[in-house]
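*Asks:* Sharing a structure below in structure tokens format, with a few things to ask.
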Amino acid sequence: MSRLGNMGARLYRGEVSFDFVGKRKIFYGIAVLITVLAAVGLFKPGLHYGIEFSGGGVFTTHATSISASEGKTLTEKALQGEHEVIVQKLGTGGLRIQVSDVDAGNAEEIKNKVADGVDIAPDKVDPQVVGASWGEQISQKALTGLGIFMVLVVVYLAIAFEWRMAVAALAALVHDLTITIGVYALVGFEVTPGTVIGLLTILGYSLYDTVVVFDGLKETTRGITKQARWTYSEAANHSLNQTLVRSINTTVVALLPVGALLFIGGGLLGAGMLNDIALSLFVGLAAGAYSSIFLATPMVADLKERTPEMRALAKRVAARRAAEARGENVAGPRDAAEDDQPAGAAAGDHGDRDRASGKRR
């Protein structure tokens, strides 16, 4: 068995445990710090919208030996600094020159100036003009889709699990979105329809990982109030350790192809659209893994520990441990058989032990 597989088995059996819930304030602080930095990036330098949202023209040239930086300098000189210019080198060897403030009326004039600037014949430059109204429609539809998705997520989790888990999952999703958008602002990548696709995709990945963790938490804490050995936070931490390796494996497997798209497809081959989608996926998947492990379950434990049932359970656990420290025998009929079992597992498997011993239900 591999080291990771052996570690996963030991985590599942409770032989090794990381105190995620107990150190939740540290993880909350890290998440808040990263989120604040990302939010600051949204204000300065801010998001850089592509022409699909802001409007403008895209002029694609045939293959040329001119680099992207040279093309930018030459184009700005030809346009006399009157337009904002962004230039990308394409895998075909051509240039993708994006120019702001271009409409159908001046597109031909701008095309000729661009061709002059990079010393290419005008008939070897393909123009495309995009109106800002189209970008506004895309933005509106994306926001509408995001809002509907968030509402459905909360409703589903509240029905399948409980409202506290729905609140924690929603907070994790907002965390992932804020960090991803903030990184876009700090890195300076353009926000394009590809970015929107990537953002909507990471919501599904993040939610999937969170639901897997919550499903294990639900099983582990079933019937927890019927015993007095474990608090809800301790059981939640045990459940999180059981699913830790699965979450790590899922994230790593998802990040490998996305990383290839970002660093090889986008970085080495110069494919702009791959950059747009891959960066949002890469950052979002990493943020989603962090929020699922370090934020979602600790938040649920925080909310559950405030309920009267869990407060009463915590008092019983504290009283039992105090009695054990004094050397008193406090093991009851159930507790004696559950001494070495995690909270929910013991409660959930009790019926199986009864049937194994010949008792009828």
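The values are calculated or read from the model by the stated rules, or taken from the named source; none is laboratory data. Just so it is clear, the model here is predicted, and its values are computed rather than measured. No Cβ is skipped: glycine too gets one built from the backbone with ideal geometry, and neighbour counts run over all protein chains shown. Note: accessible area is taken over every heavy atom of the protein model, side chains too, but ligands, DNA and RNA are not part of it. Shrake-Rupley method; radii C 1.70, N 1.55, O 1.52, S 1.80 Å.
*Asks:* Want the number for LYS77 to ILE138: 0.36 nm per residue separation, take away the alpha-carbon distance, what's left?
*Replies:* Numbers: separation 61, 0.36 × 61 = 21.96 nm, distance 3.26 nm.
Between LYS77 and ILE138, full extension yields an extra 18.7 nm.
*Asks:* Which peptide among 248-261, 186-199, 137-150 comes first, and what is the full order, when sorted by highest mean count of other Cβ atoms within 10 Å?
*Replies:* Going from most to least packed, we get 186-199, 248-261, 137-150.
*Asks:* Continuing with this model, one more query. What ratio of Cα Rg to 2.2 N^0.38 Å holds for region 208-247?
*Replies:* Rounded to two decimals, the normalised Rg is 1.15.
*Asks:* Now, a different point. I need the P(r) histogram for region 8-167: all alpha carbon pairs, bin width 5 Å from 0 out to the longest distance, whole percents.
*Replies:* 2, 8, 11, 11, 11, 11, 9, 7, 7, 7, 7, 6, 3, 1, 0
*Asks:* Report D for region 87-180 in µm² per second (integer): Stokes-Einstein, Kirkwood Rh on Cα pairs, 20 °C, 1.002 mPa s.
*Replies:* Working: Rh = 17.5 Å.
Result for D is 123 µm²/s.
*Asks:* At a 1.4 Å probe, what is the % contribution of carbon and sulfur to the accessible area of region 52-107?
*Replies:* Values: 1360 of 2690 Å².
Carbon and sulfur: 51 percent of the exposed surface of region 52-107.
*Asks:* Quick one: which of LYS25/LYS315; LYS23/LYS304; LYS141/LYS304 span more than 26 angstrom between C-alpha atoms?
*Replies:* Numbers: LYS25/LYS315 22 Å; LYS23/LYS304 17 Å; LYS141/LYS304 36 Å.
Correct reply: LYS141/LYS304.
*Asks:* What nm value, rounded to one decimal, do you get for the distance between GLU108 and ILE148 when each label is placed 7 Å out toward the C-beta?
*Replies:* If labels sit at GLU108 and ILE148, their model points lie 4.2 nm apart.
*Asks:* Also: So, by mean Cβ neighbours within 10 angstrom, what's the order for 291-298, 202-209 with the highest one leading?
*Replies:* Details: 291-298: 25.2, 202-209: 20.4.
Packing order, densest peptide first, comes out as 291-298, 202-209.
*Asks:* In region 148-261, carbon and sulfur make up what percent of the accessible area (probe 1.4 Å)?
*Replies:* With neighbouring chains kept in place, the figure for region 148-261 is 72 percent.
*Asks:* Here is a follow-up. Considering only protein heavy atoms, what per residue accessible area in square angstrom results for region 38-94 with a 1.4 angstrom probe? Write out the running numbers ahead of the final one.
*Replies:* Values: 3020 Å² over 57 residues.
I get 53 Å² per residue for region 38-94.
*Asks:* Would you mind getting the accessible area per residue of region 95-202, heavy atoms of the protein chains only, 1.4 Å probe, in Å²?
*Replies:* Values: 5240 Å² over 108 residues.
For region 95-202, the solvent-accessible area averages 48 Å² per residue.
*Asks:* Applying a 10 Å radius around every beta-carbon, put 36-47, 75-86 in order of their mean neighbour count, most first.
*Replies:* Working: 36-47: 13.9, 75-86: 16.5.
Packing order, densest peptide first, comes out as 75-86, 36-47.
*Asks:* A further question follows. Which value results when the Cα radius of gyration for region 148-266 is divided by 2.2 N^0.38 Å? Before the final figure, lay out each step's value.
*Replies:* Working: Rg = 17.2 Å, N = 119, 2.2 N^0.38 = 13.5 Å.
Normalised Rg, Cα atoms only: 1.27.
*Asks:* Which whole-number percent is the relative contact order of region 43-150 (Cα, under 8 Å, 6+ apart)? Let's see the in-between values first.
*Replies:* Values: 169 pairs, mean separation 40.9, N = 108.
Here the relative contact order equals 38 percent.
*Asks:* Measuring from label point to label point, each 7 Å out along Cα→Cβ, what is the ILE26 to LYS124 span in nm?
*Replies:* Calculated label separation equals 6.1 nm.
*Asks:* With label points built 7 Å along Cα→Cβ from the Cα atoms of GLU219 and ALA325, find their separation and express it in nm.
*Replies:* 3.5
*Asks:* Then there's this: Under 1.5 on a/c is rounded, so check that first for region 43-107, then, if it is not, pick prolate when a/b is larger than b/c and oblate when it is not; a ≥ b ≥ c are the square roots of the alpha carbon gyration tensor eigenvalues. Walk me through the intermediate numbers first.
*Replies:* Details: a/c = 1.56, a/b = 1.35, b/c = 1.16.
Prolate, because a/c is 1.5 or more and a/b exceeds b/c.
*Asks:* Solvent-accessible area of MET299, probe 1.4 Å, all protein chains present, reported in Å² to the nearest ten, please.
*Replies:* About 50 Å², ignoring ligands and nucleic acids.
*Asks:* Okay, next question. Under 18 Å Cα-Cα from LYS72, which lysines qualify once same-chain neighbours fewer than 8 residues away are excluded?
*Replies:* Once the sequence-local lysines are set aside, what remains near LYS72 is LYS89, LYS111, LYS113, LYS124.
*Asks:* Can I ask one more? Note the direction-averaged projected area, equal to a quarter of the hull surface, for the Cα convex hull of region 139-186, in nm².
*Replies:* If you wrap the Cα atoms of region 139-186 in a convex hull and average its projections, you get 3.4 nm².
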